[in-house]
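*Asks:* Right, I'll just put the structure down here and ask away after.
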There are 4 protein chains.
Amino acid sequence: MKVAIIGATGYSGIELIRLLQNHPYVEIEMIISGSHDGSRISEVYPHLEEIIDDKLVALDIEQLEKVDLVFFATPSGVSKNTLPLLMDRGIKCIDLSGDFRLKSPGAYEDWYGLEAAEQKYLDQAIYGLSEIYSKKISTATYIANPGCYPTAVLLGLIPALKSGIIDPGSIVIDGKSGVSGAGRKASLGTHYAEINENVKAYKLGRHQHIPEIEQTLGDVYGEKVNITFSTHLIPMSRGIMCTMYADFQQDVTTDEIIHLYKEYYQNSPFVRVRKSGIWPATKEVAGSNYCDLGFLADHRTGKLSIVSVIDNVVKGAAGQAIQNMNLMNGWKATTGLLMTPVYP
Amino acid sequence: MKVAIIGATGYSGIELIRLLQNHPYVEIEMIISGSHDGSRISEVYPHLEEIIDDKLVALDIEQLEKVDLVFFATPSGVSKNTLPLLMDRGIKCIDLSGDFRLKSPGAYEDWYGLEAAEQKYLDQAIYGLSEIYSKKISTATYIANPGCYPTAVLLGLIPALKSGIIDPGSIVIDGKSGVSGAGRKASLGTHYAEINENVKAYKLGRHQHIPEIEQTLGDVYGEKVNITFSTHLIPMSRGIMCTMYADFQQDVTTDEIIHLYKEYYQNSPFVRVRKSGIWPATKEVAGSNYCDLGFLADHRTGKLSIVSVIDNVVKGAAGQAIQNMNLMNGWKATTGLLMTPVYP
Amino acid sequence: MKVAIIGATGYSGIELIRLLQNHPYVEIEMIISGSHDGSRISEVYPHLEEIIDDKLVALDIEQLEKVDLVFFATPSGVSKNTLPLLMDRGIKCIDLSGDFRLKSPGAYEDWYGLEAAEQKYLDQAIYGLSEIYSKKISTATYIANPGCYPTAVLLGLIPALKSGIIDPGSIVIDGKSGVSGAGRKASLGTHYAEINENVKAYKLGRHQHIPEIEQTLGDVYGEKVNITFSTHLIPMSRGIMCTMYADFQQDVTTDEIIHLYKEYYQNSPFVRVRKSGIWPATKEVAGSNYCDLGFLADHRTGKLSIVSVIDNVVKGAAGQAIQNMNLMNGWKATTGLLMTPVYP
Amino acid sequence: MKVAIIGATGYSGIELIRLLQNHPYVEIEMIISGSHDGSRISEVYPHLEEIIDDKLVALDIEQLEKVDLVFFATPSGVSKNTLPLLMDRGIKCIDLSGDFRLKSPGAYEDWYGLEAAEQKYLDQAIYGLSEIYSKKISTATYIANPGCYPTAVLLGLIPALKSGIIDPGSIVIDGKSGVSGAGRKASLGTHYAEINENVKAYKLGRHQHIPEIEQTLGDVYGEKVNITFSTHLIPMSRGIMCTMYADFQQDVTTDEIIHLYKEYYQNSPFVRVRKSGIWPATKEVAGSNYCDLGFLADHRTGKLSIVSVIDNVVKGAAGQAIQNMNLMNGWKATTGLLMTPVYP
C-alpha cells in the first residue's frame, strides 16, 4: 500500500516516517512539505540519513490520486481547506490535526478561532479513537485522528463514565504535557531556557481539546458532559499524563474499578491497566503506542482518581493514526506498532 | 544572633546556609551532621568552598545551649526525639521536618508510620505558616515549619475558603514537585535516568501532607475539611506547583477573586497575585521566597481553579524558616530574604 | 535460537530485551537476576507489562546448557568468575561488561581494581567492535563486547589512524556521556538533583576505558598508542559524544577526510559520515544502533577534530551485542537492528 | 550611583537587574528596550513583579547623560553603532556584547560578519577580564566585557601559559555551554524538544570567541597563540565548562600546578582552585560569580588538563560587568556579588 504524508517535517510527520519504516504492508510514496519543498527529508532531519532520502515535494492534489491513503500531519487550519478536495476525489485520509474532530462548525470557530470546514465535510470524518470506535473506523474513508490530551483522557474516563460509576458533572482533568506537543515551530514558549527547570500552567479553561473531549464523552454517555480541564507544560520532550478526578458511588473499590477496566479493554492490546497502588509514568510508554492507566477509589473523599499516560507523539498522534490505518484496512490493530517502550 | 543547624547536609540544610549568608543579624555558630561528623561542610559541598568552612560536628545537647536558635533540617523521625530535649531547656527551635506539625499523635502515627512525640511537646510547637499565623509566630518559642506542598496549597486556598466562596467538600489538589523535595538520599526513585523525561504519579491519597493540609484548613474554616490530594514527580530540581479545584458560587468572577486575594495578602510581601489570564510558573519563583498565585472562575463548569507555585527549598522550607525566625525576633519578615528569582 | 540474559535488570539488560523483541530469529529463554530472583521482569519494569512476563531466575550453570547463547549484562567483576564456567562447557557468550576486554590481567587489575580472569580465558574472548573485527567475530564463540566510550572513540579514530593522517602521540579525547552509562544502581552521583542542570568532569586520566581504547588503537596501528581521555557527565539519560583532536598532515582537507571515512565504512550500515560543516548530535542516534561522525581539518591550527556520537545503551552496549550475535551466526549484521532513531 | 541598562529584556539584561537589586551603591535609573518600549519590565518578566516595575523606554542618547554608567546588554552589532555616541559624550559604559572586544576591525568583520566600529573607538575600550586586567579597568571609562567562553578559558589558561609550563602551540579547548548563552531569541536551535536529551557540537573552528581568546592569550604571552576551540550545546539553562588540554614540561606535578594557581589567584576572591582529584561542576557555581578550576598533569601522556566552570550569565556576563563597575569606581570587587551558589 502506498501512502503520502502532508506536513512531514513536523514532529508528528517524522514520527509517522519512523513508525512506517516498521510497517510490513506500507510504503511511503510521497512526502509533502510546503516549507522545505525541494530539500531531502534527511537534510532537514539528519537522523533520517541513509534511512529515507526522499525529496520533499510541494502539494499537488492530482499527484495524490496515485496513493492509497494520505496522512495530514499539518497544524490546525490547513487540512480544513485541503482535505475536502481529497474527499471530493474519494482518496482515503487520516487527519492528525484538529480540523475535522469537532462536528459543530461553531464549536471549531469558537475554540480554534478559525473558520471551520463545511458541515458536509465535517460529517464524513470519523473520530479515530481506535479502542472506542473500532467498528466505525473499520469502514471509514476519512479519519479525524484524536488529539493527544483527548486520547489520554477519553481512554481513562470512558469505561467509568459509561458504567455509571462516576458523576459526569464532577469531572476535573489535570493535564501535563511534554513540549513536543506544541510542535516544532520556534517560539518563546518552547525556548529551552524558558521551559527547562519549570512547570507552567497554560490555557486553563480555554484549551481547544475541551470541546473535543466533551463531544466524545457526550457521545458515549448520551448526555452533555462538561469538564474542568487544565493543562501544564512539563520540562520533557515526550509524554502526556492526565490525572482525572470524579465523584464516585460509595460502594465501589479500587479493585472493582480495575476489574471493570481490565474487562473493558480485554481486546485492546495497547491499553494496560496497572494494579492497585502502582501508578503509571510517562517514561513507561515512551516511544510506544501504549496507554497505561492507574486508579484509586478514595473512600475518605468519595473521589475516584484516574491516571492515564501516553506518548503524545505515538498514541497521541502518529501511532494511533497507523492503528486507524490498520483498522481501515482490516489488518491487525497492532501491525507495525508493537514497539517496546524505550526505557530509560 | 547565633544559630545552629542540625542536619545541615540535606538540601534544606544547605539552603539555610545559603540564605543565612545574606542575613544581617545572624551568624551560624554550629553545623551539626551525624553522617559527616568531622568533615568540613565545604568537603561535602564544594560549592561552599571559601564561603563557609565550618567543621561538621556531632549533636551535643549541652553545646546547643550556647546558641539562640536551633534549626532542624532533619528527615522525619529525628526531631521528635531530640527537640523535646531542647524544649526542656527552653532553647528556641524551628523544625523543618514533619514531626511537630500534626497536633494529633495518632494522625502522625497513621500517616508517617512512626511513633509521635508526646502530646505535651506537640502542643508547644506553633505551625509556622508565616502569612497566616504571623501573630502566634511572633511570640512562639518552637515552630513546626510547614511542609512544601502544604505551603503552596494553604496560601492558595485559605482566602477563598475563609470567605465562603468555595465548597470545602469539593476540593481537589493536583501537586507537581521537583525532585529536591525528596531529599538528597540516593534511591532508585530519585535516580537521574528514572526521573528525566518522565512524569510519575506517586502516593495518591496517601501523602503525609494530607493531614497537615486538612488540619490547617479545618483550623481556619472552623470545620473538618477533607481534600483529594495527588502528587506527581516532575523532571526538575526545584519548584512546586499545586493546581487546585473547587466548586464556587456562581456569582463570583475571576477578577473579584483576584481582588479578594490582593486584599487578603496586601501586607504579605512574599505572596504575589497574578492578573486574570496570566498563570504562574515555578521558574518565576526559583531561588526566592515568593509564592505566586493565579485564578480562573470558570462559569461553564462552576469550578474555581487556583494555581500556586513556590520554590520548595525556599518558601517550602529554608526561606519560610528564616521568615519565621524574623517574626519570632520582631524583625521585618523580609529581612535577608529579598532575593530576586533566578531567571532563567 | 534461544538465549539467556544474565543481569537482566540493569539498563543494558532491559535494552537487550527491548531489541530482542524485534529480532526474527531469537527467543529469550531465561532471564537471570540475582537481585530480583522470583519476581517477574514486568514487576521490576512496569514498561514491560504485557510484553514479556518471564520470571527472573537465579543463575544455574547447568540450566544454561539449554540455550544457544548467553548475554552477560552484569557490572564489572561478575562475568570474570562466571563466564569461565561457560567457556569450559563451550556455551557461546557475549559479555557486555569490561571483564574480558583487556588481554593483560595486570592492566585489568590496575584500572578496575579487581583480580582478573585467568589469562587462558581472557585469550579466548574476541573483542567485539563489530565494524572493525567482523571477520574474527564471525567465527568467535566468546565475545567481549566493547565499552560505550571505546565504541564511539574507536569508530571515530581508526580510519584516520590507520591511514597515517594523524600523529598517534597527539590524540586528545573529550568524552561526554548521559547518565544511563553509570548503570541503574542508586548513588549520590546519579541523583537527579545533583545531575540536572549540571556538567561534571570525572575520572580524568583514570577512566577504565583508557586501556581498552589504547589496546585497540595499538592493535590496529601496530604500535603502542597513548591517549589523553577525559570524561564528563551530561544531564541526559542516553547518548555519548566523543570529540577527538589530533595533529594532522597539513595537506589533507576536511572533504578528503570525509571521503576516506565514507570509503572505509562503505559496507558498515551503522556508521554514518556527515557532510562538511554538519555536526552530529546524540539525539540523532537515540534508540538506534547508528554511530554518526563529523570532521574538521583546521588548517589554522593543524588539528583534526572528529565528533562521534552513539546511543550508549544501543551501539555502546545491547545493540552492538546483538550485532555481534548476528555476525557469529552468519546473519546480516542489521538483523533486528534497523530501528529509526527516536526523534525528538 | 545611577545606571541605565540597554537591551534589558535579554538574559544578561535581567541578570543585571537581579544582581543590581543587591548592590548597595547603585540604582537602576533607566531600562531601555527597543522591542518592548512602553511595557513594564514585570509584564515581560513576571518573575520581577513587585520587585521592579520600571517602564521600558526607547533609547534616547540625551537622556543617558543623566546616568553615571550605561550597561549594554545587547546582541552583537548594536553597541558598535551606539556606544561611540556615548564615548563622544564621555559617559561611562560597560558593553556586554562582542562589539568592542577585538582590537582589530578586520578580525571583527571576519568572525562576526559585520562591519566593525571605528578603530579610534575600539581603542578606547578596555578588555574587562577582571582578575587579569584589574589595574587598567580601575581607570577605564569604557569596558568591553569578556565573552562567556573566553572568561572560563582565559582564567583557566593564563597562569599556566604565563609561567611557561605549557606549550602554546598545543592548546585544545573543548567548551560545553548551557542554552542561555544563545540568548532569548526563539529559534529552532534553542527549541526545547531539540535540545533536551541531546548534546550537539556546533561552530567547530568558527566560533567568534576564538579571536577574542587568542588576542588575550597573545597579549599575556607576548606572542601569537593559536587555539583549537570546539563548542557543544548542553541540555541545561546555565553554566559553561571548558576542558583544556596542553603539553606540559615533564617535571611538573598536579600539586605544583595547583600551588601555582592558588598563588596567582590569591587576591582574586572569585577564583577557586580545587584540590587534586576533585573536579569542578557547573552546578557548583550556579547563580554566583565564581570560577572554579581543576587540574591534572598526566605523566602518562605529558598533557595538562584544566577544567574551568562559570555561570555564563553571571561571571560570563552580568556578574563580571558589575565586578568591573566596582573596580572602575574603586569599590571592593566583591561588592554586591557575594551570592552563594544556588545548589541544587
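The values are calculated or read from the model by the stated rules, or taken from the named source; none is laboratory data. Here the structure is a predicted model, which is why all the values come from computation and not from measurement. Cβ: placed from backbone, ideal geometry, glycine included. Neighbour counts: every protein chain shown. We work out accessible area using only protein heavy atoms, side chains counted, and drop any ligands, DNA or RNA first. Shrake-Rupley method; radii C 1.70, N 1.55, O 1.52, S 1.80 Å.
*Asks:* Where nothing but the Cβ of Lys and Arg (+1) and of Asp and Glu (-1) is charged, how large is the charge dipole of the protein assembly as shown around its Cα centre, in debye to the nearest 20?
*Replies:* On the way: 124 positive and 156 negative charges, 0 e Å.
The calculated dipole for the protein assembly as shown is roughly 0 debye.
*Asks:* What average count of beta carbons from other chains do you get within 10 Å of the Cβ of residues in C:166-177? Before the final figure, lay out each step's value.
*Replies:* Details: counts 0, 0, 0, 3, 5, 2, 11, 2, 11, 2, 8, 1.
Across the residues of C:166-177, the mean count of other-chain Cβ atoms within 10 Å is 4.
*Asks:* Do any of A:Lys283/C:Lys283; A:Lys303/B:Lys275; C:Lys176/C:Lys275 go past 26 Å between their Cα atoms, and which?
*Replies:* Numbers: A:Lys283/C:Lys283 17 Å; A:Lys303/B:Lys275 31 Å; C:Lys176/C:Lys275 22 Å.
Distance filter (> 26 Å) returns A:Lys303/B:Lys275.
*Asks:* Further question: Rounded to the nearest 20 Debye, what is the dipole magnitude of segment D:149-312 about its Cα centre when Lys and Arg each give +1 and Asp and Glu each give -1 at the C-beta? Provide the component values of the computation, followed by the final result.
*Replies:* Values: 16 positive and 17 negative charges, 113 e Å.
So the dipole magnitude of segment D:149-312 works out to roughly 540 debye.
*Asks:* Still on this structure, please answer the following. Add -39500 (n - 2.57) for each DSSP H run of 4 or more in chain B, then divide by its residues: what number comes out at 222 nm, to the nearest 500 deg cm²/dmol? Can you show the working numbers first?
*Replies:* On the way: 12 runs with 99 residues, N = 344.
Calculated from helices alone, the mean residue ellipticity at 222 nm is -8000 deg cm²/dmol.
*Asks:* Let me ask another. Restricting attention to the alpha-carbon atoms of the protein assembly as shown, what are Rg (one decimal) and Dmax (integer), both in Å?
*Replies:* 31.3, 90
*Asks:* Pop a pseudo-label 7 angstrom from the Cα along the beta-carbon direction at both C:Ser268 and C:Glu65 and give the gap in nm to one decimal.
*Replies:* Once both label points are built, they end up 4.0 nm from each other.
*Asks:* For the interface of chains A and B, what total accessible area is buried with a 1.4 Å probe, rounded to the nearest 100 Å²?
*Replies:* On the way: alone 14830 and 14850 Å², together 25840 Å².
Using a 1.4 Å probe on protein heavy atoms, the buried area is about 3800 Å².
*Asks:* I would also like to ask the following. Give the whole-number value, in cubic angstrom per residue, of the convex hull volume spanned by the C-alpha atoms of segment A:262-332. Walk me through the intermediate numbers first.
*Replies:* On the way: hull volume 7.2 nm³, N = 71.
In segment A:262-332, the Cα hull volume divided by residue count equals 101 Å³.
*Asks:* Would you please report the Å³ per residue occupied by the convex hull of the alpha carbon atoms in segment D:1-153? Before the final figure, lay out the partial values.
*Replies:* Values: hull volume 18.4 nm³, N = 153.
So the per-residue Cα hull volume is 120 Å³.
*Asks:* Continuing with the same structure: In whole Å, what are the extents of segment C:170-284 along the principal axes defined by its C-alpha atoms, from largest to smallest?
*Replies:* 48, 32, 27
*Asks:* If amide hydrogens are placed 1.01 Å from N in the peptide plane, which non-local residues have theirs closer than 5 Å to the one on B:Ser76?
*Replies:* Result for B:Ser76 returns B:Gly98.
*Asks:* Could you work out the percent of alpha carbon pairs in segment D:223-344 separated by over 18 Å, rounded to a whole number? Present the calculation step by step, with values, prior to reporting the outcome.
*Replies:* Numbers: 4339 of 7381 pairs.
Everything past 18 Å amounts to 59 percent.
*Asks:* What size of dipole, in debye to the nearest 20, comes out for segment D:1-74 about its Cα centre when the only charges are +1 on Lys and Arg C-beta atoms and -1 on Asp and Glu C-beta atoms?
*Replies:* Using Cβ point charges on Lys, Arg, Asp and Glu, segment D:1-74 gives about 140 debye.
*Asks:* Additional query: Put a point 7 Å out from Cα along the line to Cβ at B:Asp54; what are the distances to that point in the other copies, in nm, shortest first?
*Replies:* 3.7, 5.5, 6.6
*Asks:* Give me, ordered by chain and number, the residues 5 or more places off D:Ile94 or on other chains with an amide H under 5 Å from its own placed amide H.
*Replies:* It is D:Val70, D:Phe71, D:Phe72, D:Ile143, by chain and number.
*Asks:* For segment A:149-311, give the share of DSSP beta bridges that are antiparallel, in percent and rounded to the nearest 5; count only bridges with both residues there. Each step should come with its number before you reach the end.
*Replies:* Details: 26 of 35 bridges.
In segment A:149-311, DSSP labels about 75 percent of beta bridges as antiparallel.
*Asks:* Run through all the Cα pairs of chain B and give the fraction in each 10 Å bin from 0, expressed as whole percent.
*Replies:* Going from the shortest bin to the longest, the percentages are 6, 26, 36, 24, 8, 1, 0.
*Asks:* Show me the ranking of peptides A:284-297, B:155-168 by mean Cβ neighbours inside 10 Å, starting with the highest.
*Replies:* Working: A:284-297: 26.4, B:155-168: 20.4.
Per-residue mean Cβ counts within 10 Å order the peptides as A:284-297, B:155-168.
*Asks:* Continuing with the same structure: Between copies, how far apart are the B:Ser39 label points? List them in nm, one decimal, shortest first, with each point 7 Å from Cα toward Cβ, please?
*Replies:* Values, ascending and in nm: 2.9, 4.5, 4.9.
*Asks:* Checking a compactness column here: for segment A:98-168, what do you get for Rg(Cα) / (2.2 N^0.38 Å), N being the number of residues?
*Replies:* 1.22
*Asks:* On to the next question. Arranged from highest to lowest average of other beta-carbon atoms within 10 Å per residue, in what order do the peptides D:142-151, D:95-104 appear?
*Replies:* On the way: D:142-151: 27.8, D:95-104: 24.6.
Those peptides, ordered most packed to least, come out D:142-151, D:95-104.
*Asks:* Another one. Given a 1.4 Å probe, how much area per residue of chain B is accessible, in Å²?
*Replies:* Numbers: 10860 Å² over 344 residues.
Averaged over the residues of chain B, the accessible area is 32 Å².
*Asks:* Moving to a separate point now. Name the residue farthest towards the positive end of the dipole of segment D:149-312 from the options D:Ala286, D:Gln208, D:Ile165, assuming +1 on Cβ of Lys and Arg, -1 on Cβ of Asp and Glu, about the Cα centre.
*Replies:* D:Ala286
*Asks:* Taking one equal scatterer on every alpha-carbon of segment B:203-261, how large is log10 of I(q)/I(0) by Debye at q = 0.12, 0.19, 0.23, 0.24 1/Å?
*Replies:* Normalising to I(0) and taking log10 leaves -0.44, -0.96, -1.10, -1.11.
*Asks:* Taking each residue in C:285-298, count the Cβ atoms of any other chain within 10 Å of its Cβ, then average. What number comes out?
*Replies:* Details: counts 2, 5, 6, 3, 0, 4, 0, 4, 0, 3, 1, 6, 1, 7.
The mean count of partner-chain Cβ atoms within 10 Å per residue comes to 3.
*Asks:* Can you tell me, using C-alpha contacts under 8 Å and at least 6 residues apart, the relative contact order of chain C as a whole percent?
*Replies:* Numbers: 740 pairs, mean separation 58.7, N = 344.
The value is 17 percent.
*Asks:* When you look at the Cβ of every residue in A:274-281, what mean number of other chain Cβ atoms sits within 10 Å? Present the calculation step by step, with values, prior to reporting the outcome.
*Replies:* Details: counts 2, 3, 0, 3, 4, 9, 5, 11.
Taking all residues of A:274-281 together, the mean is 5.
*Asks:* Taking A:Gly164 in one copy and the same position in all the others, each labelled 7 Å out along Cα→Cβ, what are the pairwise distances from the first, in nm, shortest first?
*Replies:* 3.8, 8.8, 9.6
*Asks:* What residues have an amide H closer than 5 Å to that of A:Met236, excluding those fewer than 5 places away on the same chain, when H is modeled at 1.01 Å from N in the peptide plane?
*Replies:* Sorted by chain and number, the residues that satisfy this are A:Val179.
*Asks:* Taking a cut-off of 25 Å, what percent of all Cα-Cα pairs in segment A:112-248 are separated by more than that?
*Replies:* 34 percent
*Asks:* Let me ask another. Using Cα pairs under 8 angstrom and six or more residues apart, how large is the relative contact order of segment A:149-311, in percent?
*Replies:* Details: 327 pairs, mean separation 47.7, N = 163.
Taking the mean separation of contacting Cα pairs over the length of segment A:149-311, I get 29 percent.
*Asks:* Ok, one more. In chain B, what residue has the beta-carbon at the shortest distance from the axis of the rotation relating B to A, and what is that distance in angstrom, rounded to the whole number?
*Replies:* Closest to the axis: B:Asp174, 2.
*Asks:* Hey, any idea what % of the protein assembly as shown's accessible area is carbon plus sulfur with a 1.4 Å probe?
*Replies:* Working: 20470 of 43410 Å².
Using a 1.4 Å probe with all protein chains present, the protein assembly as shown comes out at 47 percent carbon and sulfur.
*Asks:* Measure of size requested: the Rg and Dmax of segment A:51-134, with Cα atoms as the atom set and Å as the unit; please supply both.
*Replies:* Gyration radius and largest Cα-Cα distance of segment A:51-134: 13.8, 43 Å.
*Asks:* Compute the whole-percent fraction of alpha carbon pairs in segment B:22-72 spaced more than 13 Å apart.
*Replies:* 62 percent
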